[in-house]
1. Whole-Hz Karplus ³J(HN,Hα) for the range B:258-272, in order, using 6.51 cos²θ - 1.76 cosθ + 1.60 and θ = phi - 60°, x for Gly and Pro?
2. Explain nothing, just the number: relative contact order of chain B, from Cα pairs under 8 Å at least 6 residues apart, as a whole percent.
3. Let me spell out the model: positive unit charges on the Cβ of Lys and Arg, negative unit charges on the Cβ of Asp and Glu, origin at the Cα centre of the range C:1-136. What dipole size does that give, in debye rounded to 20?
4. How many angstrom lie between the Cα centre of the range A:4-58 and the Cα centre of the range C:105-132?
5. Out of C:Phe72, C:Phe49, C:Phe229, any idea which swings most in a Gaussian network model of chain C, alpha carbons joined below 10 Å?
6. Restricting attention to the alpha-carbon atoms of the range C:100-224, what are Rg (one decimal) and Dmax (integer), both in Å?
7. Please state, as a whole number in µm²/s, the translational diffusion coefficient that the Stokes-Einstein equation yields for chain A at 37 °C and 0.692 mPa s, with Rh defined as the Kirkwood radius across alpha carbon pairs.
8. Taking the Cβ of A:Gly51 as the centre, find all other residues whose Cβ is under 9 Å away and add up their charges (Lys, Arg: +1; Asp, Glu: -1).
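Since every read-out is calculated from the coordinates, none of them should be taken as a lab result. None of these values were measured; they are calculated from a predicted model. All Cβ positions, even for glycine, are placed from backbone atoms using ideal geometry, and neighbour counts span all protein chains on display.
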Amino acid sequence: MGKIVLKSVRKSFGEVDVIPGVNLTIDNGDFVVFVGPSGCGKSTLLRLIAGLEDTTSGNIEIDGKDATALPPAKRGLAMVFQSYALYPHMTVRKNIMFPLKMAGMDIGEATKRADAAANVLNLTAYMERRPGQLSGGQRQRVAIGRAIVREPAAFLFDEPLSNLDAALRVSMRQEITELHQQLKTTMIYVTHDQVEAMTMADKIVVLNAGRIEQVGSPLELYNKPDNTFVAGFIGSPKMNLIEGAEAAKLGAKTIGVRPEHLDVVSSGGWEGVVGLSEHLGSDTFLKVETTQVGTVNVRASGEMMMRHGDKIHLQPQAGKTHRFGTDGKAMA
Amino acid sequence: MATQSSRAAARLMVAPSVIVLFIWMIVPLALTVWFSFRIYRLLSPDRNGWAGLRNYSWFLNSPDFWLAITNTLLLVGGVLAITIVFGILIALLIDQPVWGQGPLRILVISPFFVMPPVAASIWENLFMHPQNGLFAAVSHAFGWKPILFMESYPMSSVIFIVAWEWLPFATLILLTALQSLSSEQLEAAEMDGAPAISRFRYIVLPHMIRSITVVVLIQTIFLLGIFGEIFTTTQGGPGSASTTLPYMIYKQAVIAKDIGRAAAGGIIAVILANIVAYFLMRSMGKNLDA
Amino acid sequence: MARSVTTQRKVLFTASAWFVALLIFFPVLWTILTSFKTEASAVASPPEFLHADWTLVNYADVWARSDYPRFFLNSVIISVGSTLLGLVIAIPAAWSMAFVPGKRTKDLLMWMLSTKMMPSAAVLIPMYLIFQRTGLFDSRTGLVLALMLMNLPVIVWMLYTYFKEIPGEILEAARMDGASLRNEIIYVLTPMAVPGIASTMLLNIILAWNEAFWTITLTTVNAAPLSAFIASFSAPQGLFYAKLSAASTMAIAPILILGWFSQKQLVRGLTFGAVK
């Protein structure tokens, strides 16, 4: 249950090739995150899998069967929308039971399932309320509940946390991850937030302009980015990408060093002057104007009493410098 | 959003309306064109045949026709002018800090919901009637002779009645547009040192151009076809003084029972409507997004 | 505004606004007042505002005339009937244009708007003749058809703008939840669209009730609604002012009241969604 394969899936809107061609395998039980900048096609890809858009060419297989021509209702997938898309004229209970009603399930059985889902999501107290009377987080849970009762082959999440405030986002993130551990169903999750991707995913698919840049586990993408795009996208603050003389010294067009992999040393290395400094207590972020490599961001642990105008020396940690060739791809 | 299956269903669902409207447009219009070239009089059913352009030339040579065109344009232009100018003024007034904006709006929009024959009848009998009307009573009070509205000023009277009916529509649209103007824009202008007149000229008026355009377009569509008011009061008279093009066509069709001529008049009306629509769309098209 | 408005200004504006509003409303008010006067009182000179002979006899008289209730009923049947018929045709069309727009949807909507620009007088002849030949002349069915054709563009446009406001995602959710097209419309779309459909109905009943071209030209005795009745009643007699006022008041009262509640719908419907 829940194995999805995309073969040469292409999608164009008129003249525009939004997705030039994607090949991807999602195994049963995976938590896969599609991540990328706005307009990279991640939501489009999700909607193609859901059946809400037709592919221009290519195949989509769900559990070994070709689902390319099937309408969304027949694919056995459940989707949680960014705006939750709850039925405003139905109570929470009716919302959750709706898919079961559409499937023609006996009402007793349906009620049991709905109550079970509500239990898992702490919604039992709200069953008779309307969506308009719920908070954002509660609505989010109702949307998830509606998806759970169907016992689908896979869950599709379309940026579900974007409309929540920061604190709620963090707790909902954890709830969804726990849900995945509990249900063990395949989950495909779309987000533009790479922190969500890194914390939730088993496998991350980085998309750029409709193309897959890299597929891998979070740590794989962090430690071994395939190209400059992935290197610059994963990790916050962004990896410092440096061209010019220093890169040429190592035989590459571009070298990359993450801010957390730059040590502050007393002498040697790259010389610079502190421009901006941000003190969070747990970390210190410095923006340094160096003579050899231009502007770089540095992240130091704990407190560091550096201020605007101070002189500073930076040294990349051993083995933490990434090299990229003229094609942008990582060099061995 | 769309998939093949939903697109097919969609096309099927639009079909009835399109077919109905298409038939409604094509069939009667085609028949009208056909009749306009025929000799066809209900009172002389034996006389039959091809009329060529005779029906059309009858119109073009008839002084009543040119009078009707003039009256039609006067009606449309006059009502537009009155309703928009006063509509803006009244909208501005109601938008001020006043007590009872709700009831005010209800009072102001009422004339629009009075059906045309009743509106015409009220004005003709209760107000403009030379013996029993209120205006006559007022004239007597001042020692003047009462004005014979329907006889001496038939077209103006009709214009007045129609303007009274349509003023609420213009006011309502313009008021809605006025109230959709964010107060922040006006506050910013005030902080920039603009006096009230300038604020009106440079911020309020441009914001309202779009809705003024809509009012002009919509009202023109309806005003070109005004009928009930004329039928109820003057019947196009005295003579043809208050006959508009639609009324003239009606007279030819139902009173003179000359089908051929009425049809020709109808086609001329369509041409006129298209000319007006063309110029309207051109000059106002830029003001609309749609 | 940060500053408070001076009471003086408020009083001045309020007085002016109310003066203008009452001026505009006065003809309606006068008609209602006159309907409650005796005939003698109605034509009294100088006109009597408050010290008239008040009576309800006019209403009784007008209603008791065998014709008036029939005209009233005709108005009701024709306006409600044409609106319902229009809705049946328009709802599917507006649905598909709002939710599955094609390349030509915008053009289609504009074309529908343009059919409203066609002057009715131009098709008077064929309509007149066709109605005569098919027996639809002076029939309620005929008028229901004619008015439905007149108002169909408005109905489609209004529904279209209301449907467009329903979030497409909710319908997608229904699809994902396994709803067939039929179920999607019944269980999700229609309940959410009810306010929009009700508003459209309201406005179109008003427009059909007040229609004064086809209702006059295509009827004589049987199907004539109130518009035709008042139009012919108001001929040269002019003697029975109180009764005329009573007849008029009854003719306009329902729509006047409905209209007071439908200002928003009026704005949206008659501007084809351009102003909301």
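1. Rounded to whole hertz, the list is 9, 5, x, 5, 4, 5, 4, x, x, 5, 4, 4, 4, 4, 4.
2. Relative contact order of chain B: 29 percent.
3. Using only the charged Cβ atoms, the result is roughly 860 debye.
4. Computed from Cα coordinates, the inter-centre distance equals 47 Å.
5. C:Phe49
6. For the range C:100-224, the Cα radius of gyration and maximum Cα-Cα distance read 18.5, 56 Å.
7. It diffuses with D of about 148 µm²/s by this estimate.
8. That works out to +2.
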